[in-house]
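The values are calculated or read from the model by the stated rules, or taken from the named source; none is laboratory data. Just so you know, these numbers come straight off a predicted model, no measurement behind them. Note: ideal-geometry Cβ built from the backbone for every residue, glycine included; neighbour counts use all protein chains shown.
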Amino acid sequence: MNFRKLKGTYDLTGAESAFRNFIIATIRETAESYGYENIVFPVMEYAELFAHGAGETSDIVVKKEMYTFEDRGGRMIALRPEGTASAVRAYLENNLSQRGYSARLYYIGDMFRAERPQAGRFREFTQFGVENIGDGSPLVDAELIAMNFEILTKLGLDDSKIYLNSIGDLDERAKYLSALQDYFLGKELCEDCRGRLETNALRILDCKNESCRTVIDDAPVMLDFLGEETKAHFEDVKSALDSLGVSYVVDPQIVRGLDYYNRTVFEIKSDALGAQSTMSGGGRYDNMVAEFGGQATPAAGFAIGLERLSMAVSASKDFDTAAFEEGPTLYVAGIGSEVSAKLPSLLKQFRSAGISAATEFRHTKLKKHMNAADKMNAGYVLFVGGDEIEKGIFSLRNMKSGVQTEGSIIDLISALSEE
Ligand code: HAM
């Protein structure tokens, strides 16, 4: 049998996996420094949750991107295509509104969308998502964007571009939509956009098709349809970003692919990526909690795709990914089969002192051990033969410099700990 992974999925091994863990550690640290807490929710939910959450005219629903199946009870289940609907469902189901403060949640998890795979676009991908449920202040929108940008900056991507827009509240958007429909009617549009004209003309603004682009450039702009309150909200978001020193471009064509947004929306793109240049996106979704049966509660959030983020970081010249090639600090070379039984407790001593240590138990010859330690990128090799065990004095070789030191296990542990 010759098994292969599914199209649009991937494996991460060795340094790639270590690199991913480093990115996740940076993300967690940043989210927690803003007082956000980790939330875990299931990979499977009732499909209705996402159909309702993402909206009837979202790509997830229109392009049938959800992976669904019927369970044994005949219920339609979906692998989550995104996390916002799950976060809101969990917020309501766990009564987080009763805590007396806004829910500040973050999650890192796999999402599934049946899209056509290409560079930067997968069918199973990982999102870091952040949701603030409870605080409708424009300062939350700005803080979320700043947090997103801070993560990118820490990873060497401070040249990423933030595109900001306001798509207004529902009533304002309804007026804008009818103005858009009037404008696009009779214009030359691609087949997808002709469909969008019926379902959600806003999404036409997102079209990448060359012939549509020329028509789109002269389309009415949502910002002209904002009422006083939403206009003031948008102004406050921009001023807060200015005061935080976060640069952005106002782009009236940022509309997002999910239906639940209102007011602030944003996307962050990197030039280092090709066609799939959007690393993250988000905005306000003040209507979802009430739509899911809760009390009207404002909410805002964003998600970063870890695959696109990793691709952009690896492509950035300033970022040195060599560190992720490193193996364990110590390789223990047991020479001769008579010392084998001593190795587990020896390794344990180093590990208990916080020093990563490994060996190939199957090898008993120096040459094989040195070869393995070298390939593994171990920092040091400890030589353990019968003599060493008897005397309690061991040799430790620095694999980079070749320098060798001698001492008891205690001495060597303290030498390594100092390093
Ligand atoms: P989204 O724009 O659909 O928003 O996805 C956010 C990010 O996930 C994208 O910018 C991209 O980096 C990544 N992504 C999406 N689809 C794929 C794919 N097929 N392959 C690789 N990466 C992908 C959301 O999902 C919203 N839930 C974000 C949000 C949170 N809004 C408010 N709160």
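Per the listing Ala299, Ala315, Ala341, the residue uniquely within 16 Å of the ligand (Cβ to nearest atom) and modelled with pLDDT of 95 or more is Ala299. Just to be sure I understand, how many residues within the stretch 76-116 are part of a loop (DSSP other than H, G, I, E, B), more than 15 Å from the chain's Cα centre (by Cα) and more than 8 Å from the ligand (Cβ to nearest atom)? Matching residues across the stretch 76-116 total 7. Which residue out of Val215, Val249 is of a type in the set (Val, Ile, Thr), more than 10 Å from the ligand (Cβ to nearest atom) and crowded, with 16+ Cβ neighbours inside 10 Å? Answer to the selection: Val215. Given the structure, is Val289 touching a helix residue (DSSP H, G or I) at 6+ places or on another chain (Cβ under 9 Å), within 20 Å of Asn148 (Cα to Cα), β-branched (Val, Ile, Thr) and away from the ligand (no atom under 12 Å from the Cβ)? No. Looking at the stretch 129-203, the helices (runs of 4 or more DSSP H) lying wholly inside it that each contain 2 or more residues that are within 16 Å of the ligand (Cβ to nearest atom) and buried (at least 19 other Cβ atoms within 10 Å of the Cβ) sit at 138-154.
One residue stands out in the stretch 64-75 among those that are assigned to a loop (DSSP other than H, G, I, E, B) and either touching a residue at least 40 places away in the same chain (Cβ under 8 Å) or closer than 11 Å to Arg113 by Cβ (or both): the one that is farthest from the chain's Cα centre (by Cα), namely Lys64. Annotation: of all residues in the stretch 290-339 being surrounded by fewer than 20 Cβ atoms within 10 Å (Cβ to Cβ) and of a type in the set (Phe, Trp, Tyr), the one that is farthest from Ser137 (Cα to Cα) is Phe324. Could you check, for the stretch 80-98, whether at least one of its residues is touching a residue at least 40 places away in the same chain (Cβ under 8 Å), surrounded by fewer than 20 Cβ atoms within 10 Å (Cβ to Cβ) and not charged (D, E, K, R)? Yes: one or more hits. Residues of the stretch 57-67 that are in contact with a Phe, Trp or Tyr (Cβ under 9 Å, 6 or more places away or on another chain) and away from the ligand (no atom under 11 Å from the Cβ): Val61, Met66, Tyr67. Counting only strands (runs of 3 or more DSSP E) that sit completely within the stretch 364-419, those holding 1 or more residues that are within 18 Å of Lys348 (Cβ to Cβ) correspond to 380-384, 394-398.
Within the stretch 9-63, being part of a strand (DSSP E or B), out of contact with any Lys or Arg (no Cβ under 7 Å at 6 or more places or on another chain) and not aliphatic (A, V, I, L, M) holds for one residue alone: Asn38.
Mind checking whether some residue in the stretch 216-230 is modelled with pLDDT of 90 or more, among the polar types (S, T, N, Q) and at negative phi? Within the stretch 216-230 (the criterion being modelled with pLDDT of 90 or more, among the polar types (S, T, N, Q) and at negative phi), the answer is yes, since at least one residue qualifies. I'd like the full set of residues that are more than 8 Å from the ligand (Cβ to nearest atom) and assigned to a loop (DSSP other than H, G, I, E, B), limited to the stretch 118-128. Within the stretch 118-128, Ala119 is the sole residue that qualifies. Regarding Gly327, is this residue within 13 Å of the ligand (Cβ to nearest atom), part of a loop (DSSP other than H, G, I, E, B), out of contact with any His (no Cβ under 9 Å at 6 or more places or on another chain) and under 24 Å from Ile27 (Cα atoms)? For Gly327, the condition - within 13 Å of the ligand (Cβ to nearest atom), part of a loop (DSSP other than H, G, I, E, B), out of contact with any His (no Cβ under 9 Å at 6 or more places or on another chain) and under 24 Å from Ile27 (Cα atoms) - is not met.
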